[in-house]
Structure formats: structure tokens, C-alpha cells
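Just below is one structure, and these are the notes that go with it.
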Amino acid sequence: MVDAVVWWEPKVEGPVDLSEVKQWIQNLRRQGFNIGLVTFDRWQSFDIQNELQQVGMRTDTVSVGKKHYEDMAMLVYEERLVMPAIELLFEELTELKITKNGKNVDHPRKLSKDLADAVCGSIFGAISHTPKDQNLEVEIHSFQDRPKQIDSPKDGVIQYKPMPKEVKDYLDRFNLL
């Protein structure tokens, strides 16, 4: 889940003031948000990362690539991704192209992919920095485990137990029943 997307646009006078960005991040922490990691792309991020590290925040550089977008696409196809409906973000995402060499993701000349990269990078961060519990015990069931009959057959007709509601609801999503 992507809770929020915030962006700054350059002013006529010059580029984005990164001290505003730093202040916004620090204000989030002051309001009680537990910020485990703040990531940036490579473009002019060295100073802001150092300043955030000096106030005790972890930072990292993430260069979003094709693999990251493939992971994000998988979440979209599996309907496991929820994010704010921001027109600019959707425009960027729908205009992305795979380069001719098939190795990179790019944007058309007159558009950007800054928001798309930010969202994709945050999804990558959530996936890669979420601890995986390696000591889980998984119980496996098959259809062979499920008792097929309610009682003994009456008149030679086998009466099957009804399908559990949660299974029926899940399969209904695929329009199989």
C-alpha cells in the first residue's frame, strides 16, 4: 500500500529547494510517523542524505530500473497494490516505455517519470526491507484431505459436503463458479 505521494515542482526562480523537502520529512517524524528509511535517486541527493543522517535518519540511494517496475507490475496484476489516485502519477505510469535494448524503462521526451520512480522505489523498499519470518510452519491441504461424503450414500448417490464459504468467495472472484 502506498499511503501518500508528495512532490515538489521547481519554481520559475530556480530548482526545488531541498531544504523544504528535508523539513517536510523531519516534520513527519515529529508528528509520530516511524520512518525507517528515506530513499532518493542519485540526482543531487548527497547533501540531503547527509543532513538527514545527521539527525538520526537512515537514508539510501535507489536507482529504479526495469526489474523494480516488473515487481510493481506483478503487484498490480495480482490486485495487491493500493495507491492514491493522482492523475499525474497515472499519466507517467501509462506513458512508460521499455527501451529498444529491452533493459531499461524510459519516458517520452515531454514527460517525466519522477513520481512513477518514487512510487516504484517505495514499493521496492517495502518489499526488500520487510523482514521475512524464516521459521514459519506451513500446513498444506489438498482436495484428497477433504472428506467427500456427509453420510453414507442414500440410494447409491454420494452427497458431497458443501464448499466452504471462503473458498467459494475466493473462486467467485475468478468467475469459475
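The values are calculated or read from the model by the stated rules, or taken from the named source; none is laboratory data. Small disclaimer: the values here were computed from a predicted structure and weren't measured. No Cβ is skipped: glycine too gets one built from the backbone with ideal geometry, and neighbour counts run over all protein chains shown. These accessible areas exclude ligands, DNA and RNA; they are computed on the full protein's heavy atoms, side chains included. Shrake-Rupley method; radii C 1.70, N 1.55, O 1.52, S 1.80 Å.
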Item to check | Residues of the stretch 90-125 classified as modelled with pLDDT under 90, open to solvent by less than 70 Å² (accessible area, probe 1.4 Å) and among the hydrophobic types (A, V, I, L, M, F, W, C), total | outcome: 2
Checklist outcome for this item: Note on Met72: of the conditions (1) closer than 15 Å to Val2 by Cα; (2) assigned to a loop (DSSP other than H, G, I, E, B), unmet is (2)
Next on the checklist: With the structure loaded, tell me whether Gln53 is more than 24 Å from the chain's Cα centre (by Cα) and at pLDDT 95 or above or whether it fails that test.
Outcome noted: yes
Checklist entry - Out of Met74, Met83, which single residue is surrounded by 16 or more Cβ atoms within 10 Å (Cβ to Cβ), farther than 16 Å from Lys113 by Cα and of a type outside the set (Asp, Glu)? => result Met83
Checklist outcome for this item: Checked Asp41, Asp60 against criteria (open to solvent by less than 70 Å² (accessible area, probe 1.4 Å), at negative phi, charged (D, E, K, R) and out of contact with any Cys (no Cβ under 6 Å at 6 or more places or on another chain)); the one match is Asp60
Checklist entry - Within the stretch 21-33, is there a residue that is in a loop (DSSP other than H, G, I, E, B) and surrounded by 12 or more Cβ atoms within 10 Å (Cβ to Cβ)? => result no
